[in-house]
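Colleague: Mind looking over this structure? Questions follow.
The values are calculated or read from the model by the stated rules, or taken from the named source; none is laboratory data. Only a predicted model underlies this, so the values are computations on that prediction, with no experimental measurement involved. Heads up, the Cβs are rebuilt from the backbone with ideal geometry, glycines too, and the neighbour counts pull from every protein chain shown.
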Amino acid sequence: MRDRATRAMDINHKKGQEEIMGFMLIVIMVVVIGLGLLFFFTPKPAEQKDLDLQNLLYSWLAVTLDGNSIEQAIDDCYQCDLSNETDILDKAMEKISNNVNGYSLTINGTADSYYSKGNLTGQSRAAVALLQNNEVKLKYYY
């Protein structure tokens, strides 16, 4: 008699353990799925604009050489030499900050051109100016 009661208690005890393990498994799955959804749907921080770099880019484009602004020279250019314009940019980048490791200037459009100077690795910030026929992107690395 006692043997039957002990077996019945053991069976009930095992069923209770199985139910608790199932419940814990469900809770763990819900937590993992919730963390996954939280990871994928959290908003990313807005990219901080570098107003100093944007101002530098627009100021550089407004510089006048030989009666034309650099902006006009780039828009009128088709596979031309922009060495005078990049010399001015070199001097401006030297004065903007001591922590600039390198920078690149990319012009896409009719005056496709790429110019870089320094170490182009690490963190970077960029500014873009849309011209009539071209897109000018200045990116600096720090």
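Colleague: Please go through segment 112-142 and give me each residue that is under 18 Å from the mean Cα position of the chain (by Cα) and hydroxyl-bearing (S, T, Y), ordered by number.
Modeller: T121, S124, Y140, Y141, Y142
Colleague: Residues in segment 76-106 that are touching an Asp or Glu at 6+ places or on another chain (Cβ under 8 Å) and under 17 Å from V63 (Cα atoms): how many?
Modeller: Counting residues in segment 76-106 that are touching an Asp or Glu at 6+ places or on another chain (Cβ under 8 Å) and under 17 Å from V63 (Cα atoms) gives 1.
Results for (1) in contact with a Leu (Cβ under 7 Å, 6 or more places away or on another chain); (2) loosely packed, with under 12 Cβ neighbours inside 10 Å; (3) modelled with pLDDT of 75 or more; (4) not aliphatic (A, V, I, L, M), shown as yes or no for each residue.
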{"site": "N68", "(1), (2), (3), (4)": "no, no, yes, yes"}
{"site": "E71", "(1), (2), (3), (4)": "yes, no, yes, yes"}
{"site": "S83", "(1), (2), (3), (4)": "no, yes, no, yes"}
{"site": "D87", "(1), (2), (3), (4)": "no, yes, yes, yes"}
{"site": "I96", "(1), (2), (3), (4)": "yes, no, no, no"}
{"site": "S104", "(1), (2), (3), (4)": "yes, no, yes, yes"}
{"site": "D112", "(1), (2), (3), (4)": "no, no, yes, yes"}
